[in-house]
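Below is one structure, written out as structure tokens, with a few remarks after it.
The values are calculated or read from the model by the stated rules, or taken from the named source; none is laboratory data. What you see is a predicted model, and the numbers here were worked out from it, not measured in a lab. Note that we place each Cβ from the backbone using ideal geometry, even for glycine, and neighbour counts take in every protein chain shown. Quick note on the areas: whole protein, heavy atoms, side chains included, nothing else; ligands and nucleic acids left out. Shrake-Rupley method; radii C 1.70, N 1.55, O 1.52, S 1.80 Å.
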Amino acid sequence: MAFIGVDLHTTSFTVCRLAADGNEVFETCQLAAADLDRFCLSLDADDEVAVEATGNSAWFRDEVIACVGRVVVVNPKQFGVIRKSVKKTDRNDARALAFFLSKDMLPETRVKTVAEGELASLTHTRDLLVKQRTRLLNKIHALHTRHGIKLKKESLGSKRRLNALETGRFSSLEQVELRIVRDQALSLTDAIAELDREIASAAEAMDGYDGLISIKGVGPRAAAVFLSGIGNVDDFEDADKLAAYVGIVPRVSQSSETDNRGRITKRGNKLMRTTLVQCTLIAIRYSGYLNAFYQRIKARRGAGKAIIATARKLLAIIYDTLKNGWVFDDFPAFKIAGQNNPAGQSS
């Protein structure tokens, strides 16, 4: 049995093969079919392989997983030995992966299914396009403000309003700029609408979709973000573990008798966190349980901390919904389909 650390690049990979007796063998291969096949043939069924999570690590894992006993995809943000290495070389990176793999001390990242990975990529692309469109709309607003023209930003979300923009007051150069920016914003609006249709269609085919959209505040797009971000809910022992994965738990600093808790960690999927907060803002308008919890925390600690605490409550409901296969007949009353009595609220 050997522990194999792989420093993976786009065109090549460096391998450190650590044997049980401590002997190390290094090799650099091209990321081509011939070299990859030769590498796979050199592997034994009880070998273990570690590779940092990169753009092509999922593909590399799929290529070698049938040849070994285990493939660990390492979270690079948590594995600071490589990232902060004083002497950073491909050999040292591969050696560090092999060594810590032999000690079973590597922070493993969760590997998504193909469907989850594709849906996650689609939702992140949509988020990117929305941000680009927002910047363009802000530019249109700024051009009008420069000439003392009052224009509500909210109105620019309408295609009809964008097409009806008056350009006669602007100089010839500004008219060119305004036309190009407007056309780009309109094009992004159409692209986002197409992505929304594809995202909803892909999410609808996944287990747990019906349960999530039965929660008031969670729509098709949010359900897609949660399903692709969470993946297999059974990977999480409880809702607290999921909250830590999402990064919506407070930082904890303990020393002797002191116990300080600060802001949330913000680790994990940023899009899932922001989507969760957006869903919470809607859910508290429908759920008396969530609203009462929100108001109680708000009175003591302010609106900001209250919405984060309530978002964690909603995440616990999402966890229980996916874990137990719930579909709500009446979410405000917490009535679940097929159950005569309303379920107890998630803790």
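Overview of values
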item	result
Count of the stretch 293-345 residues which are in a loop (DSSP other than H, G, I, E, B), surrounded by 14 or more Cβ atoms within 10 Å (Cβ to Cβ) and of a type in the set (S, T, N, Q)	1
Residue in the stretch 276-292 that is part of a strand (DSSP E or B), among the β-branched types (Val, Ile, Thr) and surrounded by fewer than 16 Cβ atoms within 10 Å (Cβ to Cβ) present	no
Test set (1) over 23 Å from TYR209 (Cα atoms); (2) in contact (Cβ under 8 Å) with a residue 40 or more places away in the chain; (3) of a type outside the set (A, V, I, L, M) - THR280 fails condition number	(1)
Residue match in the stretch 18-34 (condition: modelled with pLDDT under 95 and open to solvent by less than 20 Å² (accessible area, probe 1.4 Å))	no
Among (1) out of contact with any Cys (no Cβ under 9 Å at 6 or more places or on another chain); (2) open to solvent by 50 Å² or more (accessible area, probe 1.4 Å) - the single one ARG38 does not satisfy	(1)
Within the stretch 77-106, considering residues that are at pLDDT 85 or above and loosely packed, with under 15 Cβ neighbours inside 10 Å, the one nearest to ALA19 (Cα to Cα)	LYS103
Inter-residue pairs, beta-carbon under 6 Å, first under 14 Å from ILE284 (Cα atoms) and in contact (Cβ under 8 Å) with a residue 40 or more places away in the chain and in the stretch 295-310, second open to solvent by 50 Å² or more (accessible area, probe 1.4 Å) and of a type outside the set (D, E, K, R), 6+ apart	none
Neighbours by Cβ (under 6 Å, 6+ apart or cross-chain): first from the stretch 164-187, without any contact (Cβ under 8 Å) to a residue 60 or more places away in the chain; second open to solvent by less than 70 Å² (accessible area, probe 1.4 Å) and of a type in the set (Ser, Thr, Tyr)	GLN175/THR167; LEU178/THR167
Yes/no for LEU151 being without any contact (Cβ under 8 Å) to a residue 40 or more places away in the chain and either assigned to a helix (DSSP H, G or I) or on the phi > 0 side of the Ramachandran plot (or both)	no
Matching residues in the stretch 161-192 - criterion: being open to solvent by less than 40 Å² (accessible area, probe 1.4 Å), of a type in the set (A, V, I, L, M, F, W, C) and in a helix (DSSP H, G or I)	LEU162, LEU178, VAL181, ALA185, LEU186, LEU188, ALA191, ILE192
Condition met for SER158 (surrounded by fewer than 20 Cβ atoms within 10 Å (Cβ to Cβ) and modelled with pLDDT of 95 or more)	no
Of the criteria (1) in a loop (DSSP other than H, G, I, E, B); (2) surrounded by fewer than 22 Cβ atoms within 10 Å (Cβ to Cβ); (3) modelled with pLDDT under 95, which one TYR245 fails	(1)
Leading residue by the ranking (surrounded by the fewest Cβ atoms within 10 Å (Cβ to Cβ)) among those in the stretch 119-155 that are more than 28 Å from the chain's Cα centre (by Cα) and among the aliphatic types (A, V, I, L, M)	ALA142
